[in-house]
Amino acid sequence: MIRDRSRAARGVDRGEVVNAFGIGSRPLWSMMAIFACGYVVVSLYADVDVTGWWPWFGLASGFVLFVVGGLLVLDAPGDPLPVPATIGVASLAVAGVAATLFSLPFPPDRVMQTGPAMGASVVLLAFLAVRGRPLAAWLASGCISTIAMVWGYFSTAGILWGLSVTLPGYAIMIMGSLFSLMLRPMARQIYALREANERQAALDAAAAAATEVRDRRLAALDERARPVLTRIAGRAVFSADEVAVARLLEAQLRDGIRASGLDLPVVREAAWRARQRGVRVVLLDDGGLAGLDERQAATVRARLAVAVADVLDGTESGRVTARIQPPGRDALATVGVDAGERSERLVFDSRSLAVAGGVVATTAGEG
């Protein structure tokens, strides 16, 4: 969209309403550049008979003032346009007209001599109205008409003639003001609806993810626990080995609930083997993976699972506690091993896991 391309290209946030109109977009900048070229061409043609460096200095100064005003009204951030920028654009438009008119011959010898300055001022003030400052645009238009009448009086062209050169611009000002008053609220409503849709999409995605997790757990429960539950319901007699397997299954199901971030086949199998050896295994997930983006979380989760499985496979007795830390902490996860005389705590960092995997810091002690 124009709004996104504009932000990416220039890094300026002019407000959702302004960006909806394409202000600051590349096509509009191109059109303004073409208009500036046309301004120069028409001025050179209309003022070909002007002599002396002072009038040309005034004409060039007027053009520069219009260019600066155009850059400001198109590129200034904020919606509506901030007051300092509003005063600047309005003042530059008025000053550009004054500098141009009073640099023309007295009286003017060509009709088109006033055209570029009047056209440029109307464009600036129309954009000023679209950017949420119609009152300032109309006040500046009134000042321009007053200056034109004063110039007409001193140039002997007449006050009414000076006023007449400004009147066509008021039609564009009316259109710009109506455009601002009618379409700006519509643009706000469009973006409000878009934000509401994005919020609803996020809620739907969260609900779908929760449903997926629930379905996955129900499927795991159905696959692993149903045979045992069916035998219990049928009052079957369990052997000692079957009781041990049922307890391992219960612990595995509990891991899936309390440590969903570690609920991967490699961890499930390693925890199963460790418990068979008599190791007490505690797996916990306090949500630290939620602070990572989806791709990074998948990579970190897989590598962390391998690291936890390695610790479980390397422990023959005692207790192993693996915990994914809460979001916002320096450590992503910790694994504590307490096996008699061996006491060890491993700390895993999300950045190193995402890049290469491994242990960031290890604190080991013997008691």
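Coordinate-derived values only; no laboratory data. Model, not experiment: these values are computed from the prediction. Note that we place each Cβ from the backbone using ideal geometry, even for glycine, and neighbour counts take in every protein chain shown.
Once both axes come from the Cα atoms, what is the angle between helix 115-130 and the longest principal axis of the chain, in degrees from 0 to 90, rounded to 10?
The answer is roughly 30 degrees.
Sticking with the crude label model, points 7 Å out along Cα→Cβ, report the distance from L135 to T156 in nm, one decimal please.
Modelled inter-label distance: 4.3 nm.
Report for the chain the percent antiparallel among DSSP-assigned beta bridges with both residues inside it, nearest 5. Show your work: numbers first, answer last.
On the way: 19 of 25 bridges.
Here the share of antiparallel DSSP bridges comes out near 75 percent.
Here are some values of Cα Rg over 2.2 N^0.38 Å: [x] 1.79; [y] 1.01; [z] 2.68. Which one was computed from this structure?
[x]
Report, in debye and to the nearest 20, how large the dipole of region 2-194 comes out about its Cα centre when Lys and Arg carry +1 and Asp and Glu carry -1 on their Cβ.
Values: 12 positive and 8 negative charges, 151 e Å.
So the magnitude is around 720 debye.
For the chain, what does the helix formula give at 222 nm: sum of -39500 (n - 2.57) over DSSP H segments with n ≥ 4, over the residue count, nearest 500 deg cm²/dmol?
-22500 deg cm²/dmol
Taking 25 °C and 0.890 mPa s as the conditions, I'd like the Stokes-Einstein D for region 2-194 in µm²/s, using the Kirkwood hydrodynamic radius from alpha carbon pairs. Could the numbers behind the result be given before it?
Details: Rh = 17.2 Å.
Reported coefficient: 143 µm²/s.
Got a sec to turn the phi values of region 270-278 into Karplus ³J(HN,Hα) couplings, 6.51 cos²θ - 1.76 cosθ + 1.60 with θ = phi - 60°, whole Hz, x for Gly and Pro?
The phi angles translate into 5, 5, 4, 5, 5, 5, 4, 7, x Hz.
What percent does the relative contact order of the chain come to when contacts are Cα pairs within less than 8 Å and at least six residues apart?
On the way: 479 pairs, mean separation 34.6, N = 367.
Relative CO of the chain lands at 9 percent.
Once the dipole of the chain is set up with Lys and Arg at +1 and Asp and Glu at -1 on Cβ about the Cα centre, which of G176, S164, A205 lies farthest towards its positive end?
The one lying farthest along the dipole's positive direction is A205.
Using a basic spin-label model with each label point 7 Å from the Cα along Cα→Cβ, how many nm lie between D204 and L249?
Reported label-point gap for D204 and L249 is 3.9 nm.
Measure off 7 Å from each Cα along the Cα-to-Cβ vector at D286 and A196, then give the distance between these two points in nanometres to one decimal.
The answer from the label model is 4.0 nm.
Taking the Cβ-Cβ separation of S61 and R26 as r and a Förster radius of 51 Å, what is the calculated FRET efficiency to the nearest 0.05? It would help to have the intermediate numbers written out before the result.
On the way: r = 29 Å, r/R0 = 0.56.
The computed FRET efficiency comes out at 0.95.
Figure the gain on full extension for A298 and F106 (residue separation times 0.36 nm, minus the Cα-Cα span) and round it to one decimal in nm. Provide the component values of the computation, followed by the final result.
Details: separation 192, 0.36 × 192 = 69.12 nm, distance 7.70 nm.
Separation in residues times 0.36 nm, less the Cα-Cα distance, equals 61.4 nm.
Of the chain, which part is the longest with no trypsin sites (Lys or Arg not before Pro) in a loop (DSSP not H, G, I, E, B) and with at most 16 other C-beta atoms within 10 angstrom?
Details: sites that count: R110, R235, R277, R329.
That would be 111-234.
Convert each backbone phi in region 161-178 into a coupling constant with the Karplus relation 6.51 cos²θ - 1.76 cosθ + 1.60 (shift: θ = phi - 60°), then list the ³J(HN,Hα) values in order as whole Hz, x for Gly and Pro.
Going residue by residue, I get 5, x, 5, 5, 6, 9, 5, x, x, 5, 5, 5, 5, 5, 4, x, 5, 5 Hz, with x marking Gly and Pro.
What stretch of the chain, leaving out the sites themselves, is the longest with no GluC sites (Glu not before Pro) in a DSSP loop having at most 13 other Cβ atoms within 10 Å?
1-315
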